[in-house]
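*Asks:* Have a look at this one before I ask anything.
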Amino acid sequence: MQYEFRVTGHVSVVLAEAFPELQRVLAPRQTLFFGAVTDEAHLYGLLNRFRDLGLRVEEMRRLAD
């Protein structure tokens, strides 16, 4: 399953290293993370990691495979 996460603001390279399984792309006023999510536990783990690092996920969506 491929997912995209839109996070408020620009996430630094150092902070993005907390998500080695995701690619990072800067957009106006947002950072997009995307990549493979293996299962529901992995998805919730990613969401918890965003939260624990103080990052606000504005949108999350599953991408077409």
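The values are calculated or read from the model by the stated rules, or taken from the named source; none is laboratory data. Just so we're clear, the structure is a prediction, and the values are computed from it rather than from any experiment. Virtual Cβ from ideal backbone geometry, glycine too; neighbours counted across all protein chains shown. For the accessible areas, the whole protein counts, side chains as well, though only heavy atoms, and no ligand, DNA or RNA atoms are used. Shrake-Rupley method; radii C 1.70, N 1.55, O 1.52, S 1.80 Å.
*Asks:* Name the one entry in MET60, MET1 that is touching a residue at least 24 places away in the same chain (Cβ under 8 Å), over 11 Å from the mean Cα position of the chain (by Cα) and open to solvent by less than 100 Å² (accessible area, probe 1.4 Å).
*Replies:* After ruling out the rest, the residue left standing is MET1.
*Asks:* Still on this structure, I have one more. Confirm whether ARG61 is modelled with pLDDT of 95 or more, on the phi < 0 side of the Ramachandran plot, in contact with a helix residue (DSSP H, G or I) (Cβ under 6 Å, 6 or more places away or on another chain) and not in a loop (DSSP other than H, G, I, E, B).
*Replies:* No, not satisfied.
*Asks:* Considering only residues that are within 15 Å of GLU59 (Cβ to Cβ), in contact with a Leu (Cβ under 7 Å, 6 or more places away or on another chain), part of a strand (DSSP E or B) and open to solvent by less than 60 Å² (accessible area, probe 1.4 Å), which ones fall in the stretch 7-45?
*Replies:* VAL7, PHE33
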